[in-house]
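Supplied in structure tokens, the structure appears directly below.
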Amino acid sequence: MPSSLATLNAVLNTAAAACLVAGFVAIKRGRREHHRACMLTATGLSVAFLVSYLIHHARVGSVPFRGTGLVRSVYFAILIPHVLLAAVMAPLVIVTLVQALRDRRAQHRRVARITLPIWLFVSVSGVVVYFMLYHLPG
């Protein structure tokens, strides 16, 4: 049974992913202010996730995956790139955000093309890891 913080983490990641997609759609439609609002909201949600995640893991430590066989291999095939990309995501988000706030559109666009897919993968794969860890029989 997941703790309320683990569930909150999944909700925050889901909401961040939704904001990222909405922000991407907004900028493709030329709606800069809507894009800005979506991306700042995604940033806030990701910061809230990080705080909640750190508190959760300070309280419960590492939660072992109990699945076996193929599902265990799938779990680690998702978890490993999730963890590695999460480590590079934070600096990328900061650089992307700084470029946007300084109105350096060309630089922002260039780094955002790298940041967005990584950020989306980390957010979505985090939710998948949560469901596999807490909601698969095992």
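Regarding segment 118-130, can at least one residue be identified that is among the β-branched types (Val, Ile, Thr) and open to solvent by 90 Å² or more (accessible area, probe 1.4 Å)?
For segment 118-130, residues among the β-branched types (Val, Ile, Thr) and open to solvent by 90 Å² or more (accessible area, probe 1.4 Å): absent.
Can you list residue pairs whose Cβ atoms sit under 8 Å apart, with the first residue in segment 62-85 being more than 15 Å from residue 126 (Cβ to Cβ) and the second being open to solvent by less than 50 Å² (accessible area, probe 1.4 Å) and in a helix (DSSP H, G or I)? Count only pairs 6 or more apart in sequence or on different chains.
Going by the 8 Å Cβ cut-off, the qualifying pairs are 67/75; 67/132; 71/132; 74/132.
Any chance you could count how many residues in segment 1-47 are among the polar types (S, T, N, Q), loosely packed, with under 15 Cβ neighbours inside 10 Å and within 18 Å of residue 93 (Cα to Cα)?
0
Right, another one. Hey, residue 65 hits all of (1) outside any helix (DSSP H, G or I); (2) exposed (fewer than 14 other Cβ atoms within 10 Å of the Cβ) but one; which does it fall short on?
(2)
(1) outside any helix (DSSP H, G or I); (2) of a type outside the set (S, T, N, Q); (3) exposed (fewer than 14 other Cβ atoms within 10 Å of the Cβ): which one isn't true of residue 87, the others all being true?
Just one mismatch for residue 87, condition (1).
On to the next question. In the set 30, 23, which member is on the phi < 0 side of the Ramachandran plot and either part of a helix (DSSP H, G or I) or not basic (Lys, Arg) (or both)?
On inspection, the qualifying residue turns out to be 23.
Can you find a residue that is farther than 19 Å from residue 50 by Cβ, free of Cβ contacts under 8 Å to residues at least 12 places away in the same chain, assigned to a helix (DSSP H, G or I) and open to solvent by 50 Å² or more (accessible area, probe 1.4 Å) anywhere in segment 93-101?
yes
The values are calculated or read from the model by the stated rules, or taken from the named source; none is laboratory data. No experiment lies behind these values; they were computed from the predicted model shown. Ideal geometry is used to build each Cβ from the backbone, glycine not excepted, and the neighbour counts take in all protein chains shown. SASA here: full protein model, heavy atoms, side chains in, ligands and nucleic acids out. Shrake-Rupley method; radii C 1.70, N 1.55, O 1.52, S 1.80 Å.
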